[in-house]
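Working notes for the structure below.
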Amino acid sequence: SQGVPYFPLIDLLGRAVDLRDDDSQDVVRKKLAVELDPNLDENNAIFQMIERLFTLSNDKAPQITPESWKIKLKQALEKIIDRQSRIGLTVVCIEDLHWADPSTVDLFRNLLNVADLPVFFLISYRPGQVAFNHLQITNPYYQVAPVQLKDLSPVESEALVKSLLQSEDVPPVLLSFI
């Protein structure tokens, strides 16, 4: 996933439509069509952009420049999120943005700074490891509240593992790994 263009977005949309690794291109296209309803967008533009994101070939789709692709993808994502927010409470969770490619980071930064979407964005990243931080979100529509998490101490890590395993007997190899 690291370095794959737009992987966090592909992962997010894939989870939203319940894509599986063994889904054929036809199944992927049908699942996307059910969720995105190609009839709701003019000229099928949103659906075509998402098809391209999932590398579903469509010979009828017009060829566009990389810069146009970025703009149209942001517009498609904005429309999808806006449509979803009209249905109900919407949370967009992007985990580990520090592993994302620069295009994905730019996409989310631009989306947050341009669109006034009534959604809760939760974005996790490691400070200093990605060209993104909360100060870059200048859109007054959003209230930005950074939450910095610290590494767990060895004692806290051990307590967490014991709790998760529901056991006081944790293999020493596992503890040393953590």
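The values are calculated or read from the model by the stated rules, or taken from the named source; none is laboratory data. Since the model is a prediction, treat every value here as computed from it, not as a measurement. Every residue, glycine among them, receives a Cβ derived from its backbone with ideal geometry; neighbour counts consider all protein chains shown. Keep in mind that these areas ignore ligands, DNA and RNA; they rest on the heavy atoms of the full protein, side chains included. Shrake-Rupley method; radii C 1.70, N 1.55, O 1.52, S 1.80 Å.
Tell me whether segment 82-135 comes out rounded, prolate or oblate; compute the Cα gyration tensor, take square roots of the eigenvalues as a ≥ b ≥ c, and use a/c under 1.5 as the rounded threshold. Here segment 82-135 falls in the prolate category. Solvent-accessible area of segment 83-178 (1.4 angstrom probe, protein heavy atoms only): carbon and sulfur portion equals 57 percent. Of the options (1) 16.8, 50; (2) 19.6, 61; (3) 15.7, 48, only one is Rg and Dmax of the Cα atoms in Å as computed from these coordinates, and that is (2).
For the pair residue 174 and residue 55, label points projected 7 Å from Cα toward Cβ lie 3.6 nm apart.
Pairs of Lys residues in the chain, spaced 8 or more positions apart or belonging to different chains, with C-alpha separations under 26 angstrom: 16 in total.
Please work out how much length the chain gains when fully extended from residue 70 to residue 25, using 0.36 nm per residue of separation minus the C-alpha to C-alpha distance, in nm with one decimal.
Extra length from residue 70 to residue 25 when fully extended: 13.9 nm.
The stretch between residue 149 and residue 103 holds 14.0 nm of extra length on full extension. This uses 0.36 nm per residue minus the Cα-Cα distance. Stretched out straight at 0.36 nm per residue, the stretch from residue 7 to residue 83 would grow longer than its current Cα-Cα span by 25.2 nm.
Sparse packing (at most 12 other Cβ atoms within 10 Å of the Cβ) combined with a DSSP loop state is found for the following trypsin sites (Lys or Arg not before Pro) in segment 69-178: 150. Here is how the number arises for the chain: DSSP H runs of 4 or more residues each give -39500 (n - 2.57), the sum is divided by the residue count, and the result at 222 nm is -14500 deg cm²/dmol.
Within segment 102-165, which chymotrypsin sites (Phe, Trp or Tyr not before Pro) sit in a loop by DSSP and count at most 15 neighbouring Cβ atoms inside 10 Å? Don't skip to the end; give the middle numbers.
On the way: sites: 108, 120, 121, 125, 132, 141, 142; in loops: 125, 132, 141, 142.
The qualifying sites are 141.
The charge dipole of the chain, taken about its Cα centre with unit charges on the Cβ of Lys, Arg, Asp and Glu (plus for the first two, minus for the last two), comes to roughly 500 debye. For the chain, the solvent-accessible area with a 1.4 angstrom probe is 68 square angstrom per residue.
Over the chain, what is the relative contact order in whole percent, taking alpha-carbon pairs under 8 Å and six or more residues apart?
Reported as a whole number, the value is 21 percent.
Here the spin labels are modelled as points 7 Å beyond Cα on the Cα-Cβ line, and at residue 63 and residue 166 they lie 5.9 nm apart.
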